[in-house]
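The values are calculated or read from the model by the stated rules, or taken from the named source; none is laboratory data. In this text the structure is predicted, and so the values were computed from the model without any measurement. Cβ sites come from the backbone with ideal geometry, for glycine too, and all protein chains shown count toward neighbours. Surface accessibility is based on the protein's heavy atoms, side chains included, excluding ligands, DNA and RNA. Shrake-Rupley method; radii C 1.70, N 1.55, O 1.52, S 1.80 Å.
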Amino acid sequence: AIERTLSIIKPDAVAKNVIGKIVSRFEAAGLKVAAAKLVHLSRGEAEQFYAVHKERPFFKDLVDFMISGPVFVQVLEGDNAIAKNRDLMGATDPKKAAAGTIRADFAESIDANAVHGSDAPETAAVEIAFFFPGQNVYAR
Ligand code: CMP
């Protein structure tokens, strides 16, 4: 089925100047960019976005990292987009990510892991609405 998912290129990958290389992987896999922007999150915004993790021991480090610089946020659209994006990203911990995945190639650590992607249709809808409220997503 055609799905939409939220992708974040995190501050580490933006700082490395590999936004284009990562977007190319999405496009090469048949995903289309339906919305995109560069944004520097406030602490409150990052805490809200990652609220599901607020009791986890890594929450403070996660928020500190996500506000350390701008992030490139996209809505990706395509067949099976949620799982496809997660396959392209690889495992959360880059040390465990399969060769050829975005995290294996561009990430340094489980915190600075280059990208985020929605994990299910319900979270994708919430995450897309968080960054792109209203009609600012374009059918491709
Ligand atoms: P992300 O997909 O953005 O969702 C939450 C983030 O928390 C995750 O990627 C990691 O970058 C970060 N994180 C740090 N430590 C852990 C951990 N032990 N388990 C899961 N995520 C972690």
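Screening segment 113-137 for residues that are open to solvent by 40 Å² or more (accessible area, probe 1.4 Å) and at pLDDT 95 or above and picking the one that is nearest to residue 11 (Cα to Cα) gives 130.
Is there a residue being open to solvent by less than 60 Å² (accessible area, probe 1.4 Å), touching a Ser or Thr at 6+ places or on another chain (Cβ under 7 Å) and on the phi > 0 side of the Ramachandran plot anywhere in segment 91-112? Checking segment 91-112: not a single residue is open to solvent by less than 60 Å² (accessible area, probe 1.4 Å), touching a Ser or Thr at 6+ places or on another chain (Cβ under 7 Å) and on the phi > 0 side of the Ramachandran plot. In the set (1) touching a Gly at 6+ places or on another chain (Cβ under 7 Å); (2) over 21 Å from residue 5 (Cα atoms), residue 67 fails one condition alone, (1). In segment 52-64, the residues that are in contact (Cβ under 8 Å) with a residue 12 or more places away in the chain reach residues that are charged (D, E, K, R) with C-beta atoms within less than 7 angstrom, at least six apart or across chains, in these pairs: 61/111; 62/111; 63/43; 63/47. What do you reckon, is residue 85 in contact with a strand residue (DSSP E or B) (Cβ under 9 Å, 6 or more places away or on another chain) and open to solvent by 50 Å² or more (accessible area, probe 1.4 Å)? Against the criterion (in contact with a strand residue (DSSP E or B) (Cβ under 9 Å, 6 or more places away or on another chain) and open to solvent by 50 Å² or more (accessible area, probe 1.4 Å)), residue 85 does not qualify. Annotation note: of 128, 102, the sole residue that is touching a residue at least 12 places away in the same chain (Cβ under 8 Å) and more than 13 Å from the ligand (Cβ to nearest atom) is 128. Checked against the criterion of being free of Cβ contacts under 8 Å to residues at least 12 places away in the same chain and in contact with a helix residue (DSSP H, G or I) (Cβ under 8 Å, 6 or more places away or on another chain), the candidates 97, 114 yield just one match: 97. Whether a residue is closer than 23 Å to residue 24 by Cα, among the aromatic types (Phe, Trp, Tyr) and within 13 Å of the chain's Cα centre (by Cα) was assessed, and residue 131 passes this test. Screening segment 65-140 for helices (runs of 4 or more DSSP H) wholly inside it with 1 or more residues that are basic (Lys, Arg) returns the ranges 81-89, 102-106.
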